[in-house]
Structures are given as structure tokens and as C-alpha cells.
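So the structure is just underneath, and the comments pick up after that.
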Amino acid sequence: MSEKKASPPNPEKDRSERWLLTYADLITLLLIFFIILYVMSVQDVVKFQMMAESIVDAFQGTNMVVGESPGPAMVPGSAGSRVSGPGAKGKGAGTKGKEQLKMEYIKQEVERLASREGLQSQVSVRMEERGIVITIVDKVLFASGYADIHEEAKSALVGIGKILAVNKDQYVRVEGHTDNIPIRNEKFTSNWELSATRATHVVRLFIDDVGLNPRLFAAVGYGEFRPVATNATPEGRSKNRRVEIVILSQKLSSAETPALNY
């Protein structure tokens, strides 16, 4: 019985199916394009620029924001701060630009959170030379003379903690402040203890409930000795009773004890 001979390959058929590979590549590229368009439509400018810088750094090793022509690019919200283009020497300018974008993101998101929670008058955010400072008046978090965080305030603090999760390498100092009215109750004998314990409880919430890195945090109690207003009026004393969450600048963070290395 004779074996059936295999038919020779048909070169015309092979060539006719090659277009499928090109078509598949085109569909993949279109899908990526539309995903990027969607991301751009739902993210704000700061988030997009953070993402863009990360992508460009990863693939090209430059510090230029996507879409910019070669040369220095202005960082939104900074007077005269610049992100270096591909011709810049060293990493300093690019690091500064990323830090600025991260700080802008944190500020923007905390302000949005405060607006959603109806806390615009109790939570404020400002940029300082030392870093970004989130100020929360004490009555939002604590009963007068005590350091236990209100249950209804924990969700707002957890929200702030989740925003802080973008910070991977800058130290965060949580500061407790009081007015100058002496305190003496069954738990605290001075404003030092009260302010320090309040700061510690906020740090513990960030670590236990949000899962933030404890090595990045410090709790500090200043008592009544860092006022921001006069203690001669009820309004001034109310402003002085506060908790401040300070995300230290990269410069100040580098001066802290390098605990992350051990």
C-alpha cells in the first residue's frame, strides 16, 4: 500500500496569513492607546505627571515629562522650580521635581478628603520649607483633656494615611500641640504628656490601621510652647490646640537618622 505523499507547503497561503500578525499588533497598540486616554481623563494633572515621570525615567532614564520638548520644564505650583531635561547633569533636579509632584499630590488629595468629610474649616494643608504640613484642630480628634481618638474621626485619619502611602522615603513627624491652660486629670499631669500621647495615638493609627512603615514616623509633643495664635482669646487657644502631620522635605529627611538602612 503506497503511502500518501504530504502536500508541499503553499507559499501563497503563508503570505496571505501574515497580515494577521500585523493586525494583532495594531489592535494591541490601539488598546494601549485608548487605555492611556481613559487614564488621562480620570486622573488629575498631578497624578498624570507623576505617572509620566515614572514611565519616562524607567524607559529612557531622563527626567523630562512626557510631551515636553527638550529643555527645562516648569513644575506646577512652584515658583521658578524646574525639572531638568535630558541634558541635565546628575539626578538632583529630577529628584526635586518628583518630590514637588508628590507633595502637590498629597496636598491636593488631603484637601479633597477634607471637602468630602465636611472638614474644610478643621483640616488645612500648607507647603513650608520644612515640607508639607497637615493641620487638624483637636476637637475633631479628641475630647477636651483626653488623647483617645473619636471613633467618627478615625475614618478621616485612615483616609489621610492612605494618601500618605505614596511616600516611601520621607520622614513624617506627627506633632501634638495644646493651648497654655494647665491640665491635671487622672491621666495627664501636664500639656507635655497630653500633646505627646495624642501624637502617639495618631501614629499608632497610621501604623496599625493603614499599615504604613513605622520607621518613617515620629511622634512629638510640644505642649503649649509652639503656639500659632494668641492664648489670650478663646479663638486663639482653639487654633493652638491641634495636631500637625509634617511630611519632611527630602533635604530634612536625609538629615534624619537613616533607620531604613538597618
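The values are calculated or read from the model by the stated rules, or taken from the named source; none is laboratory data. Computed from a predicted model, the values in this text were never measured in an experiment. Glycine gets a Cβ as well: all are built from the backbone with ideal geometry, and neighbour counts include every protein chain shown.
Values as computed for the structure displayed
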quantity: Selection status of E152, charged (D, E, K, R) and under 19 Å from Y222 (Cβ atoms); calculated: no
quantity: Residues that are buried (at least 17 other Cβ atoms within 10 Å of the Cβ) and either assigned to a helix (DSSP H, G or I) or of a type in the set (D, E) (or both), drawn from the range 126-154; calculated: D138, V140, L141, A153
quantity: Test: residue in the range 105-124 that is part of a strand (DSSP E or B) and either small (G, A, S) or in contact with a helix residue (DSSP H, G or I) (Cβ under 7 Å, 6 or more places away or on another chain) (or both); calculated: yes
quantity: When residues of the range 225-262 are limited to those that are surrounded by 14 or more Cβ atoms within 10 Å (Cβ to Cβ) and among the polar types (S, T, N, Q), the one modelled with the lowest pLDDT; calculated: S253
quantity: Residue in the range 199-206 that is surrounded by fewer than 21 Cβ atoms within 10 Å (Cβ to Cβ), touching a residue at least 12 places away in the same chain (Cβ under 8 Å) and over 21 Å from L119 (Cα atoms) present; calculated: yes
